[in-house]
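Written out below as structure tokens is the structure these notes cover.
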Ligand code: TXA
Ligand code: MG
């Protein structure tokens with residue numbers, strides 16, 4: 001299949017381009033679309049052929065459920081029911097935006113979307129192209145991140161092309177995604193509400209709004225059966241092995257120097273660049289270590305570019321801080337398949 005890329009304005013998408021994409025969606029085909037978090041692979045949530053095609057195009061196991069994307073609250077009636085009380089508070093505060101909310105599933109919603117579960121993940125993206133595509137298609141859109149299974153999520157159309165070129169007919173290219181990591185997922189069918197994935201909305205903001213919430217951090221190995229979705233360890237992974245350094249920074253530079261320089265690439269911060277240059281250590285910066293917003297925006301692109309460099313090992317220090325830094329730490333942990341080295345000052 002020939003994959004076309006259509007360039008579209010991120011803020012004022014031309015109706016003719018959206019119409020063309022929506023026409024494909026209405027025929028049960030798939031379109032990669034930009035959102036404020038990462039690019040999604042979109043299909044009609046109410047068309048079983050499209051739902052099935054999404055799993056096939058990504059090489060995603062059918063046990064991993066999909067997020068349903070809506071453009072307005074009316075579309076929720078097709079998807080969820082018995083909506084818990086916390087929903088309106090969360091949605092009025094964070095929608096449209098990078099928060100996915102787990103709700104009780106509508107009995108008629110395709111069980112393939114939810115991987116047989118009685119809950120469904122829903123989100124209203126904050127991106128003019130995604131919103132216009134949902135509206136013009138006239139249906140909610142299922143959209144997982146538009147990467148091959150277990151690869152880093154795509155934050156540009158070129159990333160989507162690298163993974164899904166030849167597998168889908170169309171990519172809408174609206175430039176790089178603003179946030180760069182996926183949405184935060186909160187399950188409000190659980191008591192207390194449970195954060196299942198760190199992402200664009202910091203967990204602290206959810207605690208401020210709802211009070212008592214739980215953050216589930218349990219992660220399991222690739223070969224164990226997942227008791228709940230989204231807990232697989234190997235995820236977002238570059239092909240080159242990655243080691244994450246955690247904790248005290250005083251020993252970090254010495255630890256970096258222990259790696260052979262001809263085969264190691266250091267994913268560093270702006271503040272480390274002079275040191276890396278002085279010691280001739282190959283490096284790529286994620287941004288200032290004070291600026292987790294920029295680090296999040298650069299993360300997946302840096303992981304993908306690093307993968308193309310001719311090295312056998314990637315090393316990175318975990319970013320400190322709260323907010324979206326928690327999402328970056330989670331993605332690095334998974335990208336490294338848990339290869340975390342704890343540095344201590346003592
Ligand atoms: O930012 C995002 O959320 C992006 C953009 C495209 O919207 N989408 C995204 O989708 O990250 P995906 O499929 O790559 O990740 C969705 C996660 C998966 O880990 C899945 O297991 C989890 O959501 N999920 C979906 N339905 C669920 C459910 N009913 N209960 C628990 N987890 C669920
Ligand atoms: Mg994904």
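Using R₀ = 45 Å, calculate the FRET efficiency as 1/(1 + (r/R₀)^6) where r is the Cβ-Cβ separation of residue 313 and residue 77; round to 0.05. Once rounded, the FRET efficiency stands at 0.30. Computed from Cα positions, the angle between helix 325-335 and the longest principal axis of the chain comes to roughly 80 degrees.
Taking the centroid of alpha carbons for each part, the stretch 32-58 and the stretch 268-284 are 39 Å apart. Comparing 277, 86, 26 in a Gaussian network model of the chain where C-alpha atoms under 10 Å apart are linked, the largest mean-square fluctuation is found at 277.
Put one equal scatterer on each alpha carbon of the stretch 63-193, apply the Debye formula with no solvent term, and list log10 I(q)/I(0) at q = 0.14 1/Å to two decimals. Log-scaled intensity ratios, in q order: -0.65. How far apart, in nanometres, would the label points at residue 280 and residue 216 be if each is projected 7 angstrom from Cα along the Cα-to-Cβ direction? The answer from the label model is 5.1 nm. Hydrodynamic analysis of the chain uses the Kirkwood radius over alpha carbon pairs. Inserted into Stokes-Einstein at 4 °C and 1.567 mPa s, it gives a translational diffusion coefficient of 63 µm²/s.
When you restrict to C-alpha pairs under 8 Å that are six or more residues apart and normalise by the size of the chain, the relative contact order lands at 20 percent.
DSSP bridge analysis restricted to the chain gives an antiparallel fraction near 35%, rounded to the nearest 5. I'd like the Kirkwood hydrodynamic radius of the stretch 226-346, using the inverse of the mean 1/r over distinct C-alpha pairs, in Å. The Cα-based Kirkwood calculation yields 14.6 Å.
For the stretch 52-126, the extents of the C-alpha atoms along the principal axes are 35, 26, 17 Å, listed from largest to smallest. Placing one equal scatterer on every Cα of the stretch 1-89 and applying the Debye formula, the log10 ratio I(q)/I(0) at q = 0.24 Å⁻¹ is -1.42. Dividing the mean sequence gap of close Cα pairs (under 8 Å, 6+ apart) by how many residues the stretch 50-137 holds gives a relative contact order of 39 percent. Working note: 222 nm ellipticity from helices only, DSSP H runs with n ≥ 4, each -39,500 (n - 2.57), summed and divided by the residues of the chain, gives -8500 deg cm²/dmol to the nearest 500. Short-range pairs are left out: with C-alpha atoms under 8 Å and at least six residues apart, the relative contact order of the stretch 241-295 is 27 percent.
Computed from Cα atoms, the angle from the helix 128-137 axis to the main principal axis of the chain rounds to 30 degrees. Each of the peptides 104-114, 143-153 was scored by the mean count of other Cβ atoms within 10 Å over its residues; in descending order, highest first, they stand as 143-153, 104-114.
Here the Kirkwood formula, the inverse mean of 1/r across different C-alpha pairs, assigns the stretch 133-205 a hydrodynamic radius of 14.5 Å.
FRET efficiency for the residue 115 to residue 19 pair, using the beta carbon distance and R₀ = 45 Å, is estimated at 0.90. Evaluated at q = 0.17, 0.18, 0.20, 0.30 Å⁻¹, the base-10 log of the normalised Debye intensity for the stretch 16-68, with identical point scatterers placed on the Cα atoms, takes the values -0.53, -0.59, -0.72, -1.29.
Read-outs throughout are calculated quantities, based only on the coordinates presented, and are distinct from any laboratory measurement. Worth saying up front: this structure is predicted, and the values here are computed from it rather than measured. All Cβ positions, glycine included, derive from the backbone under ideal geometry; neighbour counts span all protein chains shown.
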